[in-house]
């Protein structure tokens, strides 16, 4: 029963934090959305900060799962890099797309010591590291630098998509990324 309550709280937090923002969402609204008391919410997460962190960790886990699925069966470096692009695009297919939850949260979490900031930075570092590993395995010189460039293109596309409320920027991002890697990856290593 406890896991069910925790899940309900996280489901409500995910919806409210994404729709309204973290700062604008109070503990009363979070408890009401989960149909629990504030005391129950605090018993499960300790504080709103703890709930925010759990919400971000959950989003990160789901992103990693989506990426792993997208990478399955992709053998060439180009296919694997494009799996990242296409995984980014999937959130844009939601009817209520409001941009990247991590970018939105990062703008609100101004306290550097908030544990949620570490989750966000860790996510970006994992993406960049994953891209660099693909590029290194393909024998790309300065793979980390190229991975950083791809990350900037992806995050830029996510930002533009959030502003426009559609995924059109990902078509542009995909073409840019293909042009970045075209001469650097040996003929499908």
Tally up the residues in the stretch 149-172 that are more than 14 Å from residue 85 (Cα to Cα) and either modelled with pLDDT of 95 or more or not in a helix (DSSP H, G or I) (or both), please.
2
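Here is a yes/no grid of residues against (1) outside the structural domain of residue 108 (by TED's automatic domain parsing); (2) closer than 16 Å to residue 105 by Cβ; (3) without any contact (Cβ under 8 Å) to a residue 12 or more places away in the chain:
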position	(1), (2), (3)
14	yes, yes, no
19	yes, yes, no
24	yes, yes, yes
30	yes, yes, no
33	yes, no, no
41	yes, no, no
Which condition breaks for residue 24 when tested against (1) in contact with a helix residue (DSSP H, G or I) (Cβ under 8 Å, 6 or more places away or on another chain); (2) closer than 22 Å to residue 120 by Cα; (3) exposed (fewer than 15 other Cβ atoms within 10 Å of the Cβ)?
(1)
Scanning the stretch 111-120 residue by residue, those part of a loop (DSSP other than H, G, I, E, B) and touching a helix residue (DSSP H, G or I) at 6+ places or on another chain (Cβ under 9 Å) turn out to be 111, 114
Does at least one position in the stretch 133-142 carry a residue that is surrounded by fewer than 17 Cβ atoms within 10 Å (Cβ to Cβ), out of contact with any helix residue (DSSP H, G or I) (no Cβ under 7 Å at 6 or more places or on another chain) and within 15 Å of residue 67 (Cβ to Cβ)?
yes
Scanning the stretch 1-12 for residues that are under 22 Å from residue 107 (Cα atoms) and without any contact (Cβ under 8 Å) to a residue 40 or more places away in the chain, which turns out surrounded by the fewest Cβ atoms within 10 Å (Cβ to Cβ)?
11
Assigned by TED's automatic domain parsing to the domain that holds residue 157 and more than 23 Å from residue 16 (Cβ to Cβ), is that true of residue 107?
no
Within the stretch 121-130, is there a residue that is loosely packed, with under 13 Cβ neighbours inside 10 Å, at pLDDT 95 or above and outside any helix (DSSP H, G or I)?
no
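The values are calculated or read from the model by the stated rules, or taken from the named source; none is laboratory data. Keep in mind that what you see is a predicted model, and the values were worked out from it rather than measured. Note that we place each Cβ from the backbone using ideal geometry, even for glycine, and neighbour counts take in every protein chain shown.
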